[in-house]
Amino acid sequence: MPTISAGALKRMLSLPSNIVVRKPRIGEDPHGGTVVTVPVRPYANDMDRCAKCGRHGRPYDWLGTRRWRHLDLGCARLLLEYAPPRVACREHGVTVAMVPWARRKSAYTRDFEQQVAWLSVHAPRSAVSALMRIDWKSVGPVCKRVADDLRAEQGGGLFDGLRSIGVDETSYRKGHRYMTVVVDHDRGRVVWMHEGHGEGVFRLFFETLTEAQRASIRVVTGDGARWIDSCVGEFCPQAERILDGFHIVSWATDALDKVRTMVWREARRTGEARKGAKDPIKGARWALLKNESDLTAGQKARLEYIAGTNGTLWRAYKLKEELRMILRQPADEARVLLLRWSGKAASSGIDPFTGLGEKIGRRCEDIVRTIRSGLSNARLEAVNNKIKTTIKIGYGYRNLDNLIALVMLKCGGLDLTLPGHQ
Ligand SMILES: [Zn+2]
């Protein structure tokens, strides 16, 4: 029977070159199937390195044997086996010694974790868990470790050369909690995320940046919140403050949805809408909020019904669509149209639109700047939707840091490849 040299075995399993491998054992897997165990150890000179800084430490004591799950060998589970010493580092105290094949405090090899992380941004967690044969609760922490490493490789570079950024607060866990997301518009990627929202959180972002990094920022987009203005004023006064186009449209769709709810409640109160009957106003929600050009035939019919039966709701709808069209006009024409729209909405007598009319009048110049900036609203919205979808996928990640890691892996422009693929 031919034997495989240690060098060949290392190459077959894509193990780091600076380790010693010994003869594998083949046995029964308690979970079913076959398990291959490969005893390994770092080179003698690397056995006493601190897991935190990699410097040589003083031998402290020996712990028992540990096993690290590596990528499967065919259908067999593959484990690396080693009894790492603990070492005392001058700076970090006593730690389990560094091993070249795995991250600190992980029961998986680097290659295994990289594959789990790659899969997590492409497949639901249940699929990742089934394919990789790991507990679904372990998926989030793996994503976190891989994202942290990739971020560290990028260093401060992630924040270098930022020119135009966007800030948004996003709800998660069905709207109960908030997090703040900062996007690099030029590269279309997330650069920073943090739990919570408001001025205190946005300040933390600016405090992470160096003076030079702050100075390079020319444009900051976001919704109309005052905390954005005050942070921009304090940390990068040279930057132009611009409203996101999709936020302006969402003000109008929110107002319209309030009108629809009011009209519907009123109809129920006066008995016009019978309980249990299919309610045409309630059913028209999506038709009303959608862009006119994207409507299906059925949705058009619903709107026609509303046009014929409910003047208030119809006028509110027309106001929303009109505002959306104005945002597509050249800046100077838009200014005239915005002021006219603002007056019309403010005096419409439709409650949420009177307030919105005043707001649009007040922020007219900001909106004109948005149009003039030439930032593609469609692109900004696409990045925003990608983030929101990823957050939805990550709902099951109990730990917020793991959820943030998932978003960074998917939308953060990190260099995440499959192990062995360059
Ligand atoms: Zn150390």
Q) Tell me, what % of the accessible area of region 1-107 is carbon and sulfur with a 1.4 angstrom probe? A) 54
(Q) Only bridges whose two residues both fall in region 163-242 count here: according to DSSP, what percent of them are antiparallel, nearest 5? (A) 70
Q: At 7 Å along the Cα-to-beta-carbon direction for both residue 91 and residue 329, put a label point, then send me their distance in nm to one decimal.
A: 6.2
Q | Distance from region 324-361 to region 214-243 (C-alpha centre basis), Å | A | 24
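Measuring with a 1.4 Å probe in the full set of protein chains, what accessible area per residue, in whole Å², belongs to region 379-422?
51
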**Q.** Between helix 364-373 and the chain: long-axis angle, C-alpha atoms, 0 to 90°, nearest 10
**A.** 50
Q) Given the options 412, 349, 198, which has the most mean-square fluctuation in a GNM of the chain, springs set between C-alpha atoms less than 10 angstrom apart? A) 349
Q. Taking R0 as 35 Å, what's the FRET efficiency between residue 199 and residue 339 from their Cβ-Cβ distance, rounded to 0.05?
A. 0.70
Q | region 245-373 - percent of accessible surface contributed by carbon and sulfur, probe 1.4 Å | A | 51
Q) For region 1-107, with every protein chain kept in place, what is the accessible area per residue (1.4 Å probe, Å²)? A) 61
**Q.** Per-residue HN-Hα couplings for region 235-243 [Karplus 6.51, -1.76, 1.60; θ = phi - 60°; Hz; x = Gly/Pro]
**A.** 9, 9, x, 6, 7, 8, 9, 10, 7
Q) Once both axes come from the Cα atoms, what is the angle between helix 377-393 and the longest principal axis of the chain, in degrees from 0 to 90, rounded to 10? A) 50
Q. Residue separation times 0.36 nm, minus the C-alpha to C-alpha distance between residue 234 and residue 8: what's the value?
A. 75.4 nm
**Q.** Percent antiparallel among DSSP beta bridges (both partners in the chain, rounded to 5)
**A.** 75
Q) Using the Karplus equation 6.51 cos²θ - 1.76 cosθ + 1.60 (θ = phi - 60°), what ³J(HN,Hα) coupling, rounded to whole Hz, does each residue of region 159-167 give in order, writing x for Gly and Pro? A) 9, 6, x, 5, 10, 10, 10, x, 10
Q | Percent accessible area from carbon and sulfur atoms, region 163-242, protein chains only, probe 1.4 Å | A | 48
Q: Using the 2.2 N^0.38 Å rule of thumb for compact globular proteins, work out how the chain stacks up: its C-alpha Rg over that value, please.
A: 1.30
Q.
How much length would be gained if the chain were fully extended between residue 351 and residue 127, taking 0.36 nm per residue of separation minus their Cα-Cα distance, in nm to one decimal?
A. 75.8 nm
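The values are calculated or read from the model by the stated rules, or taken from the named source; none is laboratory data. Since this is a predicted model, take the numbers as computed values, not measurements. Virtual Cβ from ideal backbone geometry, glycine too; neighbours counted across all protein chains shown. For accessibility, only protein heavy atoms count, side chains too; no ligands or nucleic acids. Shrake-Rupley method; radii C 1.70, N 1.55, O 1.52, S 1.80 Å.
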